[in-house]
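To keep things clear, I will list the structure first and then write my remarks on it.
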Amino acid sequence: MPLSEDHILTDEIHPIDIVETLAAHHAWEFDRVGDDQIAMAVEGQWRGYSLTLAWSSVDETLRLICTFEMEPPSERMAELYEVLNLTNDLVWAGGFTYWQQQGLMVWRYGLLLSGGQMAASEQIDQMIHAAVAACERFYPAFQLVAWADNAPEDAMKLAIAQAYGRA
């Protein structure tokens, strides 16, 4: 049964209510921070990720922020920013940034729902999974640049070499 069938169809379902239902469905640890915000913890292959989704009724946008801790050596920051630029050239929905003061690598995405549009639970679920997938895909490249002194172009070869199909 699609996740969208879990909701009683009404004229208005709050996007954060949908996210809360998804978090419970996937057994993700979550905390409803407020009416318009939820924080979750999602385990990936490489590490755990902190996700925050927030609804802004002012601009009718569901914002997703997925973070993980990363405190690279200061002498590698130029290379880290270079690999971030290379990474963002490869992604279409969302993008990475580094919050140096907090020591966090950040994936950001905003789903515009203007004009009273509603997001389906499958759409929000895909948004969350895409964020974690992006972090998982590029995490090794960030690590290689920060701590293995790899050149950004060399580290990106690992992120680009995704396997398809089954063995």
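The values are calculated or read from the model by the stated rules, or taken from the named source; none is laboratory data. As the structure is a computational prediction, the values presented were derived from the model and not from experiment. Because the Cβ atoms are built from the backbone with ideal geometry, glycine has one as well, and the counts that use them run over all protein chains shown. Side chains included, ligands, DNA and RNA excluded: accessible areas come from the protein's heavy atoms. Shrake-Rupley method; radii C 1.70, N 1.55, O 1.52, S 1.80 Å.
Within the range 37-67, the only residue that satisfies the criterion of being in contact (Cβ under 8 Å) with a residue 24 or more places away in the chain, assigned to a strand (DSSP E or B) and among the charged types (D, E, K, R) is 63.
Against the list (1) at pLDDT 95 or above; (2) outside any helix (DSSP H, G or I), the condition residue 118 fails is (1). Among the residues of the range 68-89, the ones that are more than 19 Å from residue 153 (Cβ to Cβ), touching a residue at least 24 places away in the same chain (Cβ under 8 Å) and not charged (D, E, K, R) come to 3 in all. In the range 114-131, the condition of being under 17 Å from residue 14 (Cα atoms), acidic (Asp, Glu), open to solvent by 20 Å² or more (accessible area, probe 1.4 Å) and out of contact with any strand residue (DSSP E or B) (no Cβ under 8 Å at 6 or more places or on another chain) is met by at least one residue. Here is the figure for the range 132-149: residues that are buried (at least 21 other Cβ atoms within 10 Å of the Cβ) and free of Cβ contacts under 8 Å to residues at least 12 places away in the same chain total 0.
Of everything in the range 48-67 that is among the β-branched types (Val, Ile, Thr) and either more than 14 Å from residue 106 (Cβ to Cβ) or touching a Gly at 6+ places or on another chain (Cβ under 7 Å) (or both), the residue that is least open to solvent (accessible area, probe 1.4 Å) is 61.
Checking each residue in the range 68-100 for being acidic (Asp, Glu), surrounded by fewer than 16 Cβ atoms within 10 Å (Cβ to Cβ) and not in a loop (DSSP other than H, G, I, E, B) picks out 69, 75, 89.
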